[in-house]
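The values are calculated or read from the model by the stated rules, or taken from the named source; none is laboratory data. On a predicted model such as this, the values are computed, not experimentally measured, just so you know. Virtual Cβ from ideal backbone geometry, glycine too; neighbours counted across all protein chains shown.
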Amino acid sequence: MKYGLSTLLLLVTFVCAQAQSPIGVWKTIDDNSGEARSKIEIYERNGKLFGKITDLLLKPNDTLCEACEGDKKNKLIVGMVIVEDLEVYRDYWKNGTILDPESGSTYGCSIWFEEGKPNELQVRGKHWTGLYRTQVWYRIE
């Protein structure tokens, strides 16, 4: 009985953790207009989370990242990995980066869920000055 209860609690914890996974497709919202802006697919690779743009909703899908630097300069935004290297830490993910294709700027990134809201992903970009901005991304099912 004691082992059965422990196993059941472990299984429930595992199922709840899986339900809170950010892996999937998310809709971003434009801060100014409030319109849906893009779709981002978050996926896991080698124990870390990454996110790539799969669709632009306010611009043509052949839009290039003119403001980007390095190997992303003048590349298609659709298909571009903009969230990189997020590591799990307790009940959220941190130590990653996020690229803003509009400005070409890269920021530190962390993501998490607010309690009871598994379909709303909190995405925070943090500048090296300590200033940050948090957006809510919405799960597409």
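Among the candidates Ile98, Ile82, Ile53, the residue that is under 18 Å from Ile29 (Cα atoms), without any contact (Cβ under 8 Å) to a residue 60 or more places away in the chain and touching a Leu at 6+ places or on another chain (Cβ under 6 Å) is uniquely Ile82. Considering (1) surrounded by fewer than 14 Cβ atoms within 10 Å (Cβ to Cβ); (2) modelled with pLDDT of 95 or more; (3) of a type in the set (Ser, Thr, Tyr), the lone condition that Tyr107 does not fulfil carries the number (1). Only residues that are more than 27 Å from Glu66 (Cα to Cα) and modelled with pLDDT under 95 were counted across region 90-104, and they come to 2. Candidates are the residues of region 110-133 that are modelled with pLDDT under 95, assigned to a strand (DSSP E or B) and surrounded by fewer than 17 Cβ atoms within 10 Å (Cβ to Cβ); the one that is farthest from the chain's Cα centre (by Cα) is Tyr132. Residues in region 50-95 that are at positive phi and either of a type in the set (Val, Ile, Thr) or surrounded by fewer than 13 Cβ atoms within 10 Å (Cβ to Cβ) (or both): Gly70, Asn74, Gly79, Arg90. Restricting attention to region 92-99, does a residue exist that is assigned to a loop (DSSP other than H, G, I, E, B) and more than 11 Å from the chain's Cα centre (by Cα)? No - not one qualifying residue is present in region 92-99.
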